[in-house]
Amino acid sequence: MARYRILTVCTGNVCRSPAAAVMLREGVRFAGLADRIEIGSAGTSWEAEGHPMDDRTELALERAGYQRPFTHTASTIHVTELLRWDLVLPMTTEHAQTLRRMVDQAPEGADLPEIVLWRQFDPGARVDATEAELGVKDPWYQGQKAFDRTILAMQRAVPSILLHTRLRMRETEERKG
């Protein structure tokens with residue numbers, strides 16, 4: 001059985017996207033789907049490539065109930081890598097636009113990922129919100145409280161993302177017969 005692959009994306013891949021990956025891995029593990037779903041994260045900028053997760057993000061995750069250690073090394077997404085994923089969850093509309101431009105460069109006939117903003121799965125988000133309004137703000141230039149708020153807010157989307165993933169996996173299985 002093929003694995004379903006989910007990629008989270010932010011700018012430097014040291015705050016939001018690795019935190020999102022931690023949350024999803026925990027949700028997938030709790031749902032008993034760890035053997036069927038692969039979770040990864042990447043950034044749209046190369047500037048932090050090779051760096052670990054930001055200490056403030058790790059502390060916010062720990063305060064939210066996630067267990068250390070958080071093994072992570074920042075990486076940058078490239079079009080060939082992007083095409084390996086089934087669902088790609090960018091943090092902002094700018095990230096989504098960058099990813100959509102990459103998808104436009106894909107060879108004809110390539111399997112293309114579904115690109116959906118992380119907060120589109122947030123049950124607290126307004127139904128009529130624009131993509132720009134659904135961005136997960138970067139806490140980078142703020143203090144620890146901003147990181148804590150960001151992590152707590154991001155958690156709300158995890159159950160809906162997992163539900164969406166289960167539906168997509170079921171659709172794939174039904175197509176393959």
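The values are calculated or read from the model by the stated rules, or taken from the named source; none is laboratory data. Everything numeric in this text was worked out from a predicted model, so none of it was measured. Neighbour counts are summed over all protein chains in view; Cβ atoms, including those assigned to glycine, are modelled from backbone coordinates with ideal geometry.
Of the candidates ARG175, ARG156, ARG168, the single residue that is over 30 Å from ASP55 (Cα atoms) and surrounded by 13 or more Cβ atoms within 10 Å (Cβ to Cβ) is ARG168.
The residue that is surrounded by the fewest Cβ atoms within 10 Å (Cβ to Cβ), counting only those in the stretch 80-98 that are among the aliphatic types (A, V, I, L, M) and within 21 Å of ARG3 (Cβ to Cβ), is LEU83.
When GLU108 is tested against (1) more than 17 Å from the chain's Cα centre (by Cα); (2) within 20 Å of GLY40 (Cα to Cα), just one condition goes unmet, and that condition is (2).
When TRP85 is tested against the conditions (1) closer than 22 Å to THR150 by Cα; (2) in a loop (DSSP other than H, G, I, E, B); (3) touching a Pro at 6+ places or on another chain (Cβ under 9 Å); (4) modelled with pLDDT of 95 or more, the lone failure is (1). When the stretch 61-75 is filtered for residues that are of a type outside the set (Ser, Thr, Tyr) and touching a residue at least 60 places away in the same chain (Cβ under 8 Å), the ones remaining, listed by number, are LEU61, ARG63, ALA64, ALA74.
The set of residues in the stretch 24-47 that are part of a helix (DSSP H, G or I) and either among the hydrophobic types (A, V, I, L, M, F, W, C) or free of Cβ contacts under 8 Å to residues at least 12 places away in the same chain (or both) comprises LEU24, VAL28, ARG29, PHE30. Taking each residue of the stretch 131-144 that is closer than 10 Å to LEU117 by Cβ and looking for partners that are part of a helix (DSSP H, G or I) and of a type in the set (Gly, Ala, Ser) with beta-carbon atoms closer than 7 Å, six or more apart or interchain, yields GLU131/ALA96. Restricting attention to the stretch 48-60, the residues being in contact with a Pro (Cβ under 9 Å, 6 or more places away or on another chain) and either assigned to a helix (DSSP H, G or I) or touching a residue at least 40 places away in the same chain (Cβ under 8 Å) (or both) number 5. Beta carbons closer than 8 Å, at least 6 apart along the sequence or on distinct chains, pair a first residue in the stretch 76-91 that is farther than 13 Å from ALA106 by Cβ with a second that is of a type in the set (Lys, Arg) and surrounded by fewer than 20 Cβ atoms within 10 Å (Cβ to Cβ) for ASP86/ARG5; ASP86/ARG168; LEU87/ARG5; LEU87/ARG168.
Summed over the stretch 99-115, the residues that are free of Cβ contacts under 8 Å to residues at least 60 places away in the same chain and crowded, with 18+ Cβ neighbours inside 10 Å give a count of 2. Restricting the first member to the stretch 1-23 and to residues that are under 10 Å from SER41 (Cβ atoms) and in a strand (DSSP E or B), and the second to residues that are charged (D, E, K, R) and at pLDDT below 95, no beta-carbon pair is closer than 8 Å while six or more apart or on different chains. Across the stretch 100-133, the number of residues qualifying as touching a Leu at 6+ places or on another chain (Cβ under 8 Å) and charged (D, E, K, R) comes to 5. Can you find a residue in the stretch 55-66 that is touching a His at 6+ places or on another chain (Cβ under 7 Å) and surrounded by 14 or more Cβ atoms within 10 Å (Cβ to Cβ)? No, the stretch 55-66 contains no residue that is touching a His at 6+ places or on another chain (Cβ under 7 Å) and surrounded by 14 or more Cβ atoms within 10 Å (Cβ to Cβ).
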